[in-house]
Every structure is written in C-alpha cells, then in structure tokens.
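What follows is a set of notes on a single structure, which appears directly below.
The values are calculated or read from the model by the stated rules, or taken from the named source; none is laboratory data. Just so we're clear, the structure is a prediction, and the values are computed from it rather than from any experiment. Every residue, glycine among them, receives a Cβ derived from its backbone with ideal geometry; neighbour counts consider all protein chains shown.
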Amino acid sequence: MIQSRTLSRTPSSTVGVTSIASSLLTVQTSGRSFVDLTAEAAKFVHEAGAKEGALMLFIRHTSASLTIQENADPSVLRDLTTVLSGLAPENAGWTHDIEGPDDMPAHVKTMLTQTSLQVPVLNGALALGTWQAIFLIEHRSRPHQREVVLQFIGERR
C-alpha cells in the first residue's frame, strides 16, 4: 500500500495549445556513437519562444535512433554501446546486409531504442533531470547525415 505522505505533486497548470513550431535538425555523425542534441533542442525551444508545452523529436531513419540518457559519465554511453552490440551483433548471420554487415544490426538496435521522444517544456525550458541529455544514437559504423524533426507544441511567451 502506498502512503499518501510519500507522494507530492505541484498544482496542475492548463495551457491552450496556441502554437506549433517546427524545425529540421541535420546532424553529421562520425560513425557508431552517441551525439548529444540537448543544446540544439534547448536552443530551438528558446528560439520558438516556448513557455509551456512539449518538445517532440523524431528521427527520419531506421538505422539511427534517439534516447534520453545520463550526460555526466561517458562510460555509461560506452557500456550502452557494448550492450546494443551484444544484443544485435554484426556476425549473427543476418540475411539483410545490402549496405554491409552493420546494416541489419542497426535496424534491430533502432527497434530496441526509439525513433521519437517527447520532453515537457516548463517555464520555457526543457524539463530534463539533472543528469539527463537527449542523444542521437548512430548505429552504423560509417558516418551518416541524419535528420531529426524538432516540434514544439504549446503556449509561447
């Protein structure tokens, strides 16, 4: 049984959706890696004049993905790369390998992660936790140009 004194919640606020702002972010990756998009997402939210609402991010690819993860210790990202490589290794005998041995594993890794994220915007800022950052995960071993749709929906200043 959950005791009510262990929970707390701020009063709710209501916003009329008065605005939608969109932008296309182009990211050049250097191969298999995590690319921090947090600063660009925050810049977009600021330039959109966002006050209260939500930022949606959507990657337009099937061999790269998005995630929210720890931004303080780089070993977290190295460990996550190791885990994803173990879950979808290149030498698993895949039949789909048109673009090379990392082709099908990249699709599997995207399926296991996310192609879209939603982050609340409160008082004009991304409501990320202290150790959270928004990352594009490049699952392919060679560099690629990736596109991420940024869309703010909500009330503007």
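Before we move on, is residue 19 in contact (Cβ under 8 Å) with a residue 12 or more places away in the chain, in contact with a Phe, Trp or Tyr (Cβ under 9 Å, 6 or more places away or on another chain) and of a type outside the set (Lys, Arg)?
yes
Of all residues in region 80-104 being under 19 Å from the mean Cα position of the chain (by Cα) and not hydroxyl-bearing (Ser, Thr, Tyr), which is surrounded by the fewest Cβ atoms within 10 Å (Cβ to Cβ)?
My answer is 83.
Consider residue 121 against the criteria (1) part of a strand (DSSP E or B); (2) over 16 Å from the mean Cα position of the chain (by Cα): it satisfies all of them except one. Which criterion is unmet?
(2)
Out of the residues in region 133-157 that are part of a loop (DSSP other than H, G, I, E, B) and among the charged types (D, E, K, R), which is surrounded by the most Cβ atoms within 10 Å (Cβ to Cβ)? If you could, list the steps in order and put the result at the bottom.
Our first condition is that a residue be part of a loop (DSSP other than H, G, I, E, B); within region 133-157, this holds for 139-144, 157.
Now restrict to residues that are among the charged types (D, E, K, R): 140, 142, 157.
Details: 140: 21, 142: 12, 157: 10.
Looking at residues that are part of a loop (DSSP other than H, G, I, E, B) and among the charged types (D, E, K, R), I get 140.
Which residues, counting only those in region 127-150, are under 13 Å from the mean Cα position of the chain (by Cα) and more than 15 Å from residue 65 (Cβ to Cβ)?
The answer is 128, 132, 150.
Given (1) polar (S, T, N, Q); (2) crowded, with 16+ Cβ neighbours inside 10 Å; (3) touching a strand residue (DSSP E or B) at 6+ places or on another chain (Cβ under 7 Å), where does residue 116 come up short, assuming only one miss?
(2)
Residues of region 80-103 being over 30 Å from residue 24 (Cα atoms), assigned to a loop (DSSP other than H, G, I, E, B) and of a type outside the set (Val, Ile, Thr), which ones?
Selection gives 89, 90, 91, 92, 93, 94.
Which numbered condition in (1) buried (at least 17 other Cβ atoms within 10 Å of the Cβ); (2) assigned to a loop (DSSP other than H, G, I, E, B); (3) hydroxyl-bearing (Ser, Thr, Tyr) is the only one that residue 130 fails?
That leaves (1) as the condition not met.
Of a type in the set (A, V, I, L, M), touching an Asp or Glu at 6+ places or on another chain (Cβ under 8 Å), under 30 Å from residue 19 (Cα atoms) and at pLDDT 95 or above: which single residue out of 57, 126, 122, 117 fits that description?
122
For region 6-79, which fully contained strands (runs of 3 or more DSSP E) count at least 3 residues that are exposed (fewer than 15 other Cβ atoms within 10 Å of the Cβ)?
Values: elements: 19-28, 33-36, 50-59, 64-70.
It comes to 19-28.
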